[in-house]
Amino acid sequence: MLRLFTVLFISLSIISCKKEQPTDGYLINGTIDASVNNRKIKIIKFENNNEIIIDSATFQNGKATLKGKIDTPNLYQITIDGVYGSLPIVLENKKMSISFNKNNLLKSTVEGSEENNLLKIYYDDSEMLKTKNAYYGKQIMTARENKDTLKMNELKSEFIKIRDDINAKHIELVKNNPNLVTSAAILGNIYIVKGISKEEARNIFDTFSQEVTSSDIGVIINEKLTEVTTDVGNIAPGFSAPNPEGKLLSLEDIKGKVTIIDFWAAWCGPCRKENPNVVKVYEKYHDKGLEIIGVSLDGTPSQKDAKAAWVEAIEKDKLTWHQVSNLAFFNDPIAKLYNIQAIPATFILDSEGKIVAKNLRGEALEAKIAELLN
């Protein structure tokens, strides 16, 4: 199934001031067909799957006004009772007018807000991409039923080109609008769906204005970009653990021109079966700059002496490279840091400690090491 850029709503708590009718807050003048008279319009957010009303009013003579004040611009949704859909909106302390579409709120028009002009471009492109995804999905299914591999690959390439072009467009829009909170929200969405590396996203985020980075959305995106991740392209997080002699050994201590982090265990059959391949690669490329650090997840409740089993497996499999373990099974802090759900698992790092590949075995592992060192 083709991957679709999904628009992710970032809903945050914002205090709305209703005791007065402030002139320095937001003022939304909404118009709609008179058939919607006496229906309620609401600004809402969702928190733990619960709808929370931030502000509301009732249409009279095809008009409704929403007034209030917020701390920072943020992303919400507007709904109208009995009208299909919802309108995503960046609420900000300024005057805006909205011409609501009585058949589909997503097709409404917002005026007076650069934030929402940018948001509309993003949503329109996302809706177009959603339509393209459905179209290409059907065509690919037909090609698959006809066993037409060539056509399938052509269709996939076409869709990927469309998707990547839109993604590039959105990145440029974000770069060109560093003073808009919407840019932070879009950047966050692109990063979440892996349309941009953490390093590139961070570089763009750091160009945003202080108002954007300190906004509620900006704070959340900054936290996302600060989280430790082990995706290809990111710097491998550092760690240290005891070796078989009980001495603490860190990743930083042993990094070479190329480094393999190898998660394994004495009790793991597939790991033990793969070990001869890793031995072969190590013996062939160690002198050229390859280093390996094995991280054992021994320490299962069924092991009477986890350390003894670990050391015995190292000797029996002739694993002559660096080895560490907390003997804590999958509760090992390094395993949690690297989000290890199954073993064997490998991470290949370049000379700068950047993850360049993951979970390669056998010939694929050797080919990657050869590419990096030859």
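Tabulated data
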read-out: Tally, over the range 232-253, of residues that are of a type outside the set (Gly, Ala, Ser), modelled with pLDDT under 95 and out of contact with any Gly (no Cβ under 8 Å at 6 or more places or on another chain); value: 4
read-out: Unmet requirement for GLU92, which otherwise passes all of (1) over 21 Å from ILE217 (Cβ atoms); (2) modelled with pLDDT under 95; value: (1)
read-out: Residue match in the range 282-296 (condition: open to solvent by 60 Å² or more (accessible area, probe 1.4 Å), part of a loop (DSSP other than H, G, I, E, B) and more than 27 Å from GLU199 (Cβ to Cβ)); value: no
read-out: Checking LYS147 against (1) without any contact (Cβ under 8 Å) to a residue 60 or more places away in the chain; (2) surrounded by 13 or more Cβ atoms within 10 Å (Cβ to Cβ); (3) on the phi > 0 side of the Ramachandran plot, the condition it does not meet; value: (2)
read-out: Residues (surrounded by fewer than 11 Cβ atoms within 10 Å (Cβ to Cβ) and either in contact with a strand residue (DSSP E or B) (Cβ under 9 Å, 6 or more places away or on another chain) or of a type in the set (A, V, I, L, M, F, W, C) (or both)) located in the range 150-163; value: LEU150
read-out: Among the candidates ASN61, ASN37, residue that is out of contact with any strand residue (DSSP E or B) (no Cβ under 9 Å at 6 or more places or on another chain), modelled with pLDDT of 90 or more and farther than 30 Å from ASN222 by Cβ; value: ASN61
read-out: VAL181 being of a type outside the set (Phe, Trp, Tyr), in contact with an Asp or Glu (Cβ under 7 Å, 6 or more places away or on another chain) and in contact (Cβ under 8 Å) with a residue 60 or more places away in the chain; value: yes
read-out: Residue match in the range 107-128 (condition: in a strand (DSSP E or B) and loosely packed, with under 14 Cβ neighbours inside 10 Å); value: yes
read-out: Residue in the range 259-277 that is of a type outside the set (Val, Ile, Thr), modelled with pLDDT of 95 or more and at positive phi present; value: no
read-out: Residue among ILE192, ILE166, ILE186 that alone is touching an Asp or Glu at 6+ places or on another chain (Cβ under 7 Å), touching a residue at least 40 places away in the same chain (Cβ under 8 Å) and either among the aliphatic types (A, V, I, L, M) or open to solvent by less than 50 Å² (accessible area, probe 1.4 Å) (or both); value: ILE166
read-out: Restricting the range 348-362 to residues that are farther than 14 Å from GLY289 by Cβ and open to solvent by 60 Å² or more (accessible area, probe 1.4 Å), the residue that is nearest to the chain's Cα centre (by Cα); value: LYS358
read-out: Residue list for the range 325-347, restricted to those being outside any helix (DSSP H, G or I), of a type in the set (S, T, N, Q) and over 21 Å from the mean Cα position of the chain (by Cα); value: SER325, ASN326, THR346
read-out: When residues of the range 200-239 are limited to those that are of a type in the set (Gly, Ala, Ser) and within 19 Å of ASN93 (Cβ to Cβ), the one surrounded by the most Cβ atoms within 10 Å (Cβ to Cβ); value: GLY218
read-out: Of all residues in the range 27-81 being touching a Gly at 6+ places or on another chain (Cβ under 6 Å) and over 17 Å from MET96 (Cβ atoms), the one that is surrounded by the fewest Cβ atoms within 10 Å (Cβ to Cβ); value: ALA34
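The values are calculated or read from the model by the stated rules, or taken from the named source; none is laboratory data. Computed from a predicted structure; not experimentally measured. For neighbour counting, all protein chains shown are included, and Cβ atoms are generated from backbone atoms with ideal geometry for every residue, glycine included. To get the accessible areas, we keep the full protein, side chains included, count just its heavy atoms, and leave off ligands, DNA and RNA. Shrake-Rupley method; radii C 1.70, N 1.55, O 1.52, S 1.80 Å.
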